[in-house]
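We did not get these values from a lab; they are worked out from the coordinates using the rules stated. Bear in mind that the values here come from a model prediction, so they are computed numbers and not experimental data. Cβ placement follows ideal geometry from the backbone for every residue including glycine, while neighbour counts extend to all protein chains displayed.
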Amino acid sequence: MALALLQNQAFTWSEWATTLGEEITSAGEHGIAEDGSGYYELWLRALERLVTAKQLCNQQELSRLKQSWKTAYETTPHGQAVTLPSD
């Protein structure tokens, strides 16, 4: 998703690098392991920050989408593609 948004110029590489760097620097403040194991969580935190800062999605919509994905992957049989139902 981050790469697709970058390619569609929703934000710049510089904005991405800065935001991800800030998340990495503050990992310990958020209870995220600083040994590299939390890298993908930091990537997601950076992506969510940029998406809301750029007003591509508000916090309520982001929370709704996260819940929809969680429900979708929890109910999808192993080996099948996870998809969201169309709203």
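Cβ-to-Cβ counts within 10 Å put LEU50, LEU5 in ascending order as LEU5, LEU50, the fewest first.
For segment 7-17, the Karplus equation 6.51 cos²θ - 1.76 cosθ + 1.60, evaluated at θ = phi - 60°, returns couplings of 5, 8, 6, 5, 7, 9, 4, 5, 5, 4, 4 Hz by residue, with Gly and Pro reported as x. Remark: segment 70-77, residue by residue, has Karplus-estimated 3J(HN,Hα) of 4, 4, 4, 6, 6, 10, 8, x Hz, where x stands for each Gly or Pro and the curve is 6.51 cos²θ - 1.76 cosθ + 1.60 at θ = phi - 60°. Using the Karplus relation 6.51 cos²θ - 1.76 cosθ + 1.60 with θ = phi - 60°, the per-residue 3J(HN,Hα) values for segment 23-39 come to 5, 5, 4, 9, 3, x, 5, 9, x, 9, 3, 9, 9, x, 6, x, 4 Hz, with x marking Gly and Pro. Cα-Cα pairs above 14 Å in segment 2-61: how many percent? Here the tail beyond 14 Å accounts for 55 percent of pairs.
Taking the Cα centre of segment 2-61 as reference, the dipole from Cβ charges on Lys and Arg (+1) and Asp and Glu (-1) amounts to some 260 debye. Take the Cα of ALA10, step 7 Å toward its Cβ, do the same at THR83, and the gap between the two points is 2.1 nm.
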